[in-house]
1. Taking the simple approach of a point 7 Å from Cα along Cα-to-Cβ for both E92 and S55, what is their distance in nm?
2. Quick one: length gained pulling N40 to S141 fully straight, 0.36 nm per residue minus the C-alpha distance?
3. Students often check this: by mean Cβ neighbours within 10 Å, which of 112-119, 132-139, 54-61 ranks highest, and how do the rest follow?
4. Spin-label point model (7 Å from Cα, Cβ direction): what's the L66 to D129 distance in nm?
5. Compute the Kirkwood hydrodynamic radius of the range 51-90, taking the inverse of the mean of 1/r over all pairs of distinct Cα atoms, and give it in Å to one decimal.
6. At a Cα cut-off below 15 Å, give the aspartates and glutamates reachable from K51, other chains included and same-chain residues fewer than 8 away excluded.
7. Hey, if you drop one equal point scatterer on each alpha-carbon of the range 34-152 and run the Debye formula without solvent, what base-10 log of I(q)/I(0) do you get at q = 0.10, 0.12, 0.22 Å⁻¹?
Amino acid sequence: MVTFKRIFCVAIFIIPCFIVGIMGYAIHGLSSLSGCKESNPEQIEYLAHFKMPPSAHRLKSSCFGLQAYGADASFEMNPADLEMFIASTAIEPSLFTEKSPDIQVLNDRLKKKASGMESYLYGKYISVDFTQEILIDMSSSERYIVYIFAGGG
């Protein structure tokens, strides 16, 4: 005969497992809420304030935030599109440097990526309500890899 105590013990075990499963499913689903899908590059261009060059491919992007926002993207491009791309950003072309990013880098991932590159350009724009950091890996003469982090709010 099943007692109330046994049913209670089983319920105490099953209910938390069910709740943890539901929470895991919900958290996993949050990644699909990113407003910057690779299939719609206009979204990342709008939030990060730049224009994708014609040769851009292999786009990876994500956006996040509630009151403030952040946008993160990387893509490959033809070196011939470099000037046009830089002109489309918030960063003045003269502010791009080939020196190591200074300690003030807002996005540590960009700094880590730069440490392994043979040749790169780095630029940063900061205003009261918007920040943009761009790292361009120029190690290959065939293609450049662009990393962008932007935020505001």
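1. It is 2.8 nm.
2. Numbers: separation 101, 0.36 × 101 = 36.36 nm, distance 2.78 nm.
The span from N40 to S141 would gain 33.6 nm if fully extended.
3. Details: 112-119: 12.4, 132-139: 20.6, 54-61: 15.0.
Packing order, densest peptide first, comes out as 132-139, 54-61, 112-119.
4. Result for the modelled spin labels: 2.1 nm.
5. Working: mean 1/r = 0.0877 Å⁻¹.
Evaluated on the range 51-90, it is 11.4 Å.
6. Partners within reach: E38, E42, D72, E76, D81, E83, E92, E133.
7. Debye curve over Cα of the range 34-152, log10 I(q)/I(0) at q = 0.10, 0.12, 0.22 Å⁻¹: -0.26, -0.38, -1.39.
None of the figures in this text is laboratory data; all of them are computed from the coordinates on show. These figures come from a predicted structure and were not determined experimentally. Heads up, the Cβs are rebuilt from the backbone with ideal geometry, glycines too, and the neighbour counts pull from every protein chain shown.
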